[in-house]
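A.B. asks: Got a structure here, written out as structure tokens. Questions coming.
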Amino acid sequence: MGLDKNERMVQEQALWQGLCDGQPEAFDGLIRSFSKSLFGYGSRFCQDRDLVKDCLQELFVELWNKRSSLPLPRSVKGYLFIALRNRVLREQGRWHKRTSLEEENFNFLVEYSIEEQIIAHTEDLELARKIKMLLDRLPARQKEIVYLRYYENLDYDAIASLMQINKQSVHNLLQKAYKSIRVEWVPLICLLHELSLARQ
């Protein structure tokens, strides 16, 4: 049985504190815990996977080098996602202040690995294809927020910090996504929630 959300956050905070204290095993634990999800997230808005890998490696090197001065974030996962996102977009030369909170400045690819992820949980190829089609209808910002909320299981505060918007805008974007896919929303969210739990 996996850890619940609170237990997982306590474990992540302990690893982070260990990193700040200079414990190599805690640093290794953070890398093992977050490398896969960080790389997956970065690859959804940057198709240059080598660039994402380089940015991820640089991020972890910087964390170790600056370990004694790191803040203690409320959400370790949220902090790491923000750090990687900023680094990748900056390296791409596309990191600039948005003129609108909901401006679409980049593509966000949601590849839920249909064959390996969705089908494994639904055992229904047609349903899996329908879910992929529904997600592909959404604009990039809505697609990203659905991914973060229901696949990466981030809370509203972490999403707001990551996307540099306020919590009300997070709510608004989710509501827009809801209106876009209407009656199919409930089974879609239930399935994404199952996938999120399976990844814990």
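The values are calculated or read from the model by the stated rules, or taken from the named source; none is laboratory data. What you are looking at is a predicted structure, and each value in this text was computed from that prediction instead of being measured. Counting neighbours? That spans all protein chains shown, and the Cβs are built from the backbone with ideal geometry, glycine included.
A.B. asks: Please tell me if I82 is modelled with pLDDT of 85 or more and under 20 Å from R149 (Cβ atoms).
C.D. replies: Criteria met by I82.
A.B. asks: Quick one: G42 ticks every box in (1) surrounded by fewer than 19 Cβ atoms within 10 Å (Cβ to Cβ); (2) part of a helix (DSSP H, G or I); (3) not charged (D, E, K, R) except a single one, so which number is it?
C.D. replies: In the conditions (1) surrounded by fewer than 19 Cβ atoms within 10 Å (Cβ to Cβ); (2) part of a helix (DSSP H, G or I); (3) not charged (D, E, K, R), G42 misses (1) alone.
Each row is one residue, and each column tells you yes or no for (1) outside any helix (DSSP H, G or I); (2) modelled with pLDDT under 60; (3) among the β-branched types (V, I, T); (4) under 27 Å from L19 (Cβ atoms).
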position	(1), (2), (3), (4)
R74	yes, no, no, yes
N86	no, no, no, yes
L89	no, no, no, yes
S100	yes, yes, no, no
F106	yes, yes, no, no
E116	yes, yes, no, no
L135	no, no, no, no
Y147	no, no, no, yes
L154	yes, no, no, yes
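A.B. asks: Does Y178 satisfy being at pLDDT below 80 and either buried (at least 19 other Cβ atoms within 10 Å of the Cβ) or not in a helix (DSSP H, G or I) (or both)?
C.D. replies: no
A.B. asks: Looking only at region 160-180, which residues are of a type in the set (A, V, I, L, M, F, W, C) and touching a residue at least 40 places away in the same chain (Cβ under 8 Å)?
C.D. replies: Passing the criteria: L162, I165, L173.
A.B. asks: A follow-up question, please. Check region 7-28 and report whether any residue there is surrounded by 13 or more Cβ atoms within 10 Å (Cβ to Cβ), among the basic types (K, R), modelled with pLDDT of 90 or more and part of a helix (DSSP H, G or I).
C.D. replies: no
A.B. asks: Filter region 29-39 for residues that are buried (at least 18 other Cβ atoms within 10 Å of the Cβ) and in contact (Cβ under 8 Å) with a residue 40 or more places away in the chain; which is farthest from L72 (Cα to Cα)?
C.D. replies: Top of the filtered list is L38.
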